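Visitor: Following this message is one structure expressed as structure tokens.
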Amino acid sequence: MAYSMKPHVLFVVEQLTLNGFPDDVIVNVLLHLPQKQRAVQRVESFLAWLVPRAAAVQQLTIAERRGDVPLDDPVLWANCVAAITLLAPQLRSLTLEVPVQLVLSQWVGTLRQLQLASFASEHVVIREGLDRLTSLTELRVKSSKAALALQPSQPGHTVLPLNLLKLRLEGCNLTMLPPAVTWLTALEDLVLSDNTLRDADML
């Protein structure tokens, strides 16, 4: 199940793993519609293709490469989020790469089977929701233009899953270690490269 795509692609879903295929098979899905069609139509067409297959999707990677798909449009983004949450029963791995601000909130908390998650954008904001993912053991975040923001609803609450084993906060414009990281007592692997942390903040 594969779609070919030419270099003018605006929106690409790189990986889709479906039940019933061997474990080593990654199904490449490249959405290709005529160039004259608007970027919004490209995304909406993919979502229409994805929804009927939601119960079979185990791994999903969505990357906006050219910056001309308006995922900052509230309706379009809401549709993307709704489609992703439909994958909750089987989704084990999710990667989102978008050039606009990416807010991870209650919608992420519906993806209870996630084991690996990777999020990259100009500015990543994490609110409560991700912390409910008890199966999530590996989290990767990149916030390229603004500092990663961890925003609990009230002091003393965490926005990160306490069961994390691996956490990569590379290129997140951090100047100090987020307090929530110190609560991750199960953590085995922490990567903080490409930040400007001071030594005193690591003690």
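Visitor: Once R0 is set to 30 Å, what does the formula 1/(1 + (r/R0)^6) return for the Cβ-Cβ distance between ALA180 and THR85, expressed as a FRET efficiency to the nearest 0.05?
Guide: That pair, ALA180 with THR85, gives E of 0.80.
Visitor: Another question, if that's okay. Would you please give the FRET efficiency between SER118 and SER193, computed as 1/(1 + (r/R0)^6) with r the Cβ-Cβ distance and R0 = 22 Å, to the nearest 0.05?
Guide: E(calc), rounded to 0.05, equals 0.90.
Visitor: Still on this structure: For segment 83-148, what is the Kirkwood hydrodynamic radius in Å, using each pair of distinct C-alpha atoms?
Guide: In segment 83-148 this quantity evaluates to 11.9 Å.
Visitor: Moving on. How large are Rg and Dmax for segment 64-193 when only the alpha carbon atoms are used, in Å?
Guide: When restricted to Cα atoms, segment 64-193 yields Rg and Dmax of 14.1, 41 Å.
Visitor: Projecting each Cα onto the charge dipole of segment 45-203 (Lys/Arg +1, Asp/Glu -1 at the beta carbon, about the Cα centre), which of LEU174, LEU136, ALA147 comes out farthest on the positive side?
Guide: About the Cα centre, the residue reaching furthest to the positive side is LEU136.
Visitor: Here's something else I'd like to know. Diagonalise the Cα gyration tensor of segment 117-203 and give the resulting equivalent ellipsoid semi-axes, square root of 5 times each eigenvalue, largest first, whole Å.
Guide: 18, 15, 14
Visitor: Pairs of alpha-carbon atoms within less than 8 angstrom and 6+ residues apart define the contacts here; what relative contact order does segment 97-203 have, in percent?
Guide: 22
Computed from the coordinates by the stated procedures, all read-outs in this text should not be read as laboratory data. Everything numeric here is computed off the predicted structure, so don't read it as measured data. Every residue, glycine among them, receives a Cβ derived from its backbone with ideal geometry; neighbour counts consider all protein chains shown.
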